[in-house]
Structure formats: C-alpha cells, structure tokens
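Just below is one structure, and these are the notes that go with it.
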Amino acid sequence: MRLRLLIATVLVALLAALASAEPAREPLTPEETEAVRAACRATLTAFARSDRASLRTLRPAKLENRYGPPMFAEMPKFDAPKVDAHRARVDFTVKPSDPSLPKTGTITLVRLDERPEDPWAVGQVFWYEKDKLPVGVQLPNRSVTAADQAEEPKVLAAARRYAEAWRKRDYKTMDYLTYDWLARDRKPNTVVQLRSMQLGDPVASEGGEVRVNYTVELTVYRIFVRHLEGWAYAMRENGQWKVRPFNLVF
C-alpha cells in the first residue's frame with residue numbers, strides 16, 4: 001500500500017512538473033530566421049546612429065520581454081563603486097546563468113536629479129573579459145571628491161537592488177531602477193556610422209527567445225574604425241520579432 005502511494009505521489013509530481021515546463025521550441029523556419037535577422041539588423045543600425053525613435057519601436061513593450069530571464073545564477077560580488085557627479089560604475093564578478101558569458105562585468109548608473117530620495121538608476125550592464133571595458137564607454141575610474149565618495153553607498157545599494165530584482169524576476173522594480181535613455185528624444189548622431197555587420201545563426205534560448213551573436217565595424221568621424229562583438233536577444237511579441245536592449249561583449 002505504501003509503495004503504491006509512493007509511486008502515485010511521484011507520478012503526480014512528475015505530471016505537475018511536465019505541465020508547468022516550457023514547451024520545447026521548434027526550430028526556426030527560414031522565414032522566421034530572416035525575420036529575426038531583419039529585426040537585429042534594424043536594431044543594430046538604429047543603435048549605431050542613436051536613433052532613439054526607431055529603437056523604441058524595435059524593443060519589446062512587455063517588461064518581462066524587455067529585461068528577460070536573469071543572467072545572474074547567484075548574487076554578484078560587487079567591487080567598490082566609482083562615482084563622478086552624475087555617473088557611476090560598479091564592477092562585478094558572478095557566475096552567469098549562461099555558461100558562454102564572461103564572469104566579469106560592470107553595471108553603469110546615472111543620477112536622476114528629479115528623484116532626490118532615490119536618485120541612482122541603472123543605465124546598462126556590460127559583460128566583458130576582465131580589465132577590457134567596451135571601446136568608447138567613458139566610465140569613472142575612482143570617486144574623486146568627498147561628495148562623490150558620499151554617494152558610493154547609494155550607488156552600491158541601487159546595484160544590489162537591481163540584481164536582486166532581476167534574480168526574482170521582479171520586472172516592475174527593475175523598470176523603476178532603470179534609466180530609460182530611449183525615453184529622451186535626441187537627434188540621431190552623424191559621427192558614428194555602421195560600416196559592416198555580420199550576424200550569426202539564431203540560437204534557441206530560455207522561454208522561446210533566440211540569441212543572435214553579431215560583429216559590427218563602425219567608423220567614427222569617418223576616420224577611426226571600431227570593431228565590436230556582442231549578442232542580441234529576440235522574442236516574438238504580438239506577432240512581431242522584437243529585440244531586447246543588448247549588452248556588448250568585448
């Protein structure tokens with residue numbers, strides 16, 4: 001009797017797990033593959049030009065799609081923050097959820113004067129090999145003034161809250177803690193131009209998303225050449241492929 005009860009309990013648990021599991025994603029059709037590539041191509045082109053209006057239409061509207069599954073398999077180990085007036089950075093080491101990601105990176109933050117009670121918001125999360133920050137990204141190397149040093153605990157607290165919210169999939173809190181630079185209109189730049197782009201094959205990821213690796217070559221003032229590598233996550237939303245704001249890998 002006990003054996004039958006144990007077997008029944010195991011079967012019920014197994015069926016419940018199967019019912020709650022994400023269905024396996026079917027391979028992309030050629031049409032879907034091209035649609036994903038087109039969305040990534042448009043996003044990278046708009047990003048290079050800082051075309052914020054286009055980027056707003058290309059990114060997901062739903063918060064769970066915009067931020068996606070947590071990339072931290074555990075809470076990161078944060079270094080001491082570095083603050084320079086309205087900009088800050090917190091370097092981290094972590095076990096990533098995706099084994100192909102580097103184990104080091106930086107969370108950048110922006111000070112919002114309109115929110116004095118809770119001023120620091122996350123601008124971007126960069127993943128890169130140690131001591132190799134993204135080309136062209138200007139980040140403070142230390143907190144120089146006493147005022148900057150006084151902001152360090154607030155910066156670190158904001159970075160921790162962001163990481164905790166991401167791990168819990170608390171997307172409303174993540175959105176509150178995010179500096180949405182796309183919400184502020186500016187004219188597209190003419191300084192940076194996209195010279196070439198290579199897209200890898202879309203690879204199935206968690207929750208039906210697909211990941212696309214890319215390599216781009218940019219020119220700055222038509223003189224300086226920059227080679228960038230990274231990835232983008234795309235997902236279907238309301239029948240269209242959207243691309244999440246991506247992190248660059250260098």
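The values are calculated or read from the model by the stated rules, or taken from the named source; none is laboratory data. Note that this is a predicted model, so its numbers are computed, not measured. Neighbour counts run over all protein chains shown; Cβ positions are idealised from the backbone, glycine included.
For Arg142, the conditions (1) among the basic types (Lys, Arg); (2) within 25 Å of Glu74 (Cα to Cα); (3) surrounded by fewer than 13 Cβ atoms within 10 Å (Cβ to Cβ) all hold with the exception of (2).
Among the residues of the range 171-196 satisfying the criterion of being at pLDDT below 85 and among the hydrophobic types (A, V, I, L, M, F, W, C), which is nearest to Ala158 (Cα to Cα)? Residue satisfying both the conditions and the ranking: Trp181.
Being of a type in the set (Gly, Ala, Ser), in contact (Cβ under 8 Å) with a residue 60 or more places away in the chain, in the same structural domain as Val83 (by TED's automatic domain parsing) and under 28 Å from Phe224 (Cα atoms) is a condition met by no residue of the range 139-154.
A residue that is of a type outside the set (Phe, Trp, Tyr), in contact with a Leu (Cβ under 9 Å, 6 or more places away or on another chain) and part of a helix (DSSP H, G or I) can be found somewhere in the range 182-199.
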